[in-house]
Each structure stands twice: as C-alpha cells, then as structure tokens.
Amino acid sequence: MPSTSSSHKIDVRKERSGLILLKFGGSVITFKEKPLSPNMECINHLSRIIASIDKPLIIVHGGGSFGHYWSVKYEMHTKPARYDLKGVSVVHESMIALNELLVKGLIESGAKPYSVMPSVFMHGLEPIVKRIEELEAIAVGGAVPVTFGDIVHVAEQNYSILSGDALMTILAEALLPSKVIFLVNVDGLYGDVGTQNIIREINYETYKSATFSKTTLDVTGGMNRKIEEGLKIAASGIDVVLVNGLKPQRVLNAINGCDFEGTLIRHEERRG
Ligand code: IPE
C-alpha cells in the first residue's frame with residue numbers, strides 16, 4: 001500500500017533545464033460549482049507567487065466553471081466529433097475570457113505572462129514540437145507562457161476538447177521539465193473511501209493495485225484523469241506533484257523544492 005504521511009522532499013536528482021511546468025486546475029482558479037465564476041482571490045495569490053519566482057516557468061490552466069460549464073451544455077467531449085459550432089465558439093471564447101482574467105492578474109502582480117492558445121503549438125491533437133520548444137525559449141527568457149485547455153479543430157469540422165491535463169503530458173514529454181506540478185482544490189490524492197488520509201507517494205504499481213476514492217467526474221475526467229496524465233509524465237522520468245493550490249505556502253514550497261504537502265507521483269527510470 002502507498003504510505004499516507006503528507007510531507008516529503010521533491011526528488012531533485014533530475015534537475016535539467018530547470019523548467020517548471022505548472023497546471024492551475026480549473027477548480028482552483030474558478031468556483032467550479034458556480035457557472036462562469038472566477039476565484040479572483042486565488043488568481044491574485046497565485047499571481048503574486050508567480051511574480052516572486054525567478055525560474056523558467058510554463059503555466060497551463062484548466063476550464064473550471066468556464067470551459068467545463070459550456071462543454072457540458074453543448075455535450076462536447078475529448079473525442080473528435082462534429083459538435084454544434086455555436087458550442088465550439090462559446091467554449092473557446094470562455095477559455096479566452098478566463099485566460100485574460102488570469103493574465104491580467106499576473107501582470108498586476110508584476111509577473112510577465114505571455115498568453116499562447118493551444119492551436120499555436122498543436123495541429124489538432126498532435127504536438128508541433130518546434131513551437132513547443134519556443135515556449136521553453138520564452139520561459140528561459142523570463143516571460144511566462146500561459147496556455148490552457150481548449151476546444152481544438154482536428155479535421156473536417158471535427159473538434160475536440162483538449163484538456164489542460166493532456167497538454168501537461170504533451171508539454172512534459174516534449175520538454176522534459178525538471179518539475180511538474182498540478183495545483184488542485186484538495187490536499188492531494190485521498191486514500192480509500194472513508195479515510196481522510198492523503199496518499200503521500202504513488203507510482204504506477206501502487207496506483208493500479210490500490211482503490212482510491214472516486215471524485216466527481218467532469219467532461220475531461222476529474223482527478224483520475226490527472227493521475228493518469230501524471231503517471232504518463234512520471235514514465236518520462238519526471239516527478240509529478242499534486243498540491244492544494246488554495247494554500248499558497250504549499251504552492252511556494254512545491255515550486256521551490258522544499259518540503260511540501262501533497263501527493264508525489266514518483267518518476268520511473270527512463271528506458272533507453
Ligand atoms: C478543460 O481543461 C478545458 C475545457 C473544458 C475547454 P481541464 O480539463 O484541464 O480543466 P480543469 O482543470 O479540469 O477545470
């Protein structure tokens with residue numbers, strides 16, 4: 001069974017370019033249960049943290065009560081299909097609106113965000129590696145690329161929701177960041193249903209063999225989806241952490257590589 005104490009050190013043996021890939025979960029920067037409601041207090045505290053960080057950073061954010069709200073209304077999913085084009089427009093616009101709120105908060109806090117929509121570095125659901133490498137160059141140069149889960153055109157009027165979690169895997173596999181952090185609205189991955197214990201550390205084996213509490217599903221799969229993406233990233237040799245984004249000190253500790261509270265998805269040694 002995975003251990004359940006909730007504080008540990010991030011493994012820093014694998015420091016590479018020093019790039020940090022950070023996901024702001026939609027449940028952190030919006031009130032997920034209330035349509036189209038940003039959590040400005042949280043956006044502002046995260047913005048202040050980002051402004052204080054002097055490391056190359058790429059931010060991906062989710063949809064929360066913006067993109068998810070409309071995706072549910074228009075029955076749009078992560079499978080390419082000919083969705084209602086009004087829904088396509090509205091979902092995309094809502095993600096741009098949320099991105100703008102976040103980017104404005106970042107600028108006001110003194111950070112240097114640079115907004116990039118996924119269609120800039122994705123061809124449908126396929127990554128354009130050269131463009132992704134440009135994001136890293138922007139981050140190394142001191143600005144902070146900020147991208148987001150979105151609705152993307154795949155082919156012949158087929159569109160698909162592309163989640164921020166899936167983007168995390170795409171960016172991590174292309175750039176091999178030194179650290180990958182998912183900010184969520186809970187303290188980490190909970191143990192068996194009925195317990196309040198946070199799983200301190202998991203890997204592929206322990207995740208598959210244990211039963212974890214089920215979380216509410218949204219169009220892109222909720223917590224389970226995050227873990228699945230986290231495991232894929234860990235398979236590239238990168239540690240992934242899940243941290244409560246509503247608790248600023250934990251976010252700062254996770255970014256700085258200090259003791260942090262949350263769940264570590266332990267990297268696997270890279271093959272080949
Ligand atoms: C959702 O992205 C994007 C859209 C619904 C358009 P995510 O699936 O990453 O969003 P959160 O973080 O779970 O809210």
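Derivation of every value follows stated rules applied to the coordinates shown; laboratory data play no part. Here the structure is a predicted model, which is why all the values come from computation and not from measurement. Cβ sites come from the backbone with ideal geometry, for glycine too, and all protein chains shown count toward neighbours.
Values for this structure:
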quantity: Restraint check, Lys23/Lys179; Lys79/Lys226; Lys32/Lys208; Lys23/Lys130; Lys179/Lys226, Cα-Cα greater than 19 Å; calculated: Lys32/Lys208; Lys23/Lys130
quantity: Of the GluC sites (Glu not before Pro) in the stretch 44-120, those whose Cβ has at most 16 other Cβ within 10 Å and which sit in DSSP loop; calculated: Glu75
quantity: Global geometry of the stretch 41-97, whether rounded, prolate or oblate, following the gyration tensor of its Cα atoms and the 1.5 cut on a/c; calculated: prolate
quantity: Residues Ser47, Ser52, sorted so that the one with the fewest Cβ neighbours within 10 Å comes first; calculated: Ser52, Ser47
quantity: Relative contact order [Cα under 8 Å, 6+ residues apart], the chain, whole percent; calculated: 26
quantity: Ranked Arg250, Arg48, criterion: other C-beta atoms within 10 Å, fewest first; calculated: Arg48, Arg250
quantity: Neighbour-count ranking [beta-carbon atoms within 10 angstrom, fewest first] of Met168, Met76; calculated: Met76, Met168
quantity: Cα gyration tensor, the chain - rounded (a/c under 1.5), prolate or oblate; calculated: rounded
quantity: Cβ crowding within 10 Å averaged over residues, with 31-42, 53-64, 258-269, 151-162 ranked highest first; calculated: 53-64, 258-269, 151-162, 31-42
quantity: The chain: DSSP helices with Cα axial extent of at least 15 Å and average Kyte-Doolittle hydropathy no lower than 0.0; calculated: 40-52, 85-108, 129-140, 164-175
quantity: Mean residue ellipticity (222 nm) of the chain, computed from DSSP H runs ≥ 4 via -39,500 (n - 2.57), nearest 500; calculated: -11500 deg cm²/dmol
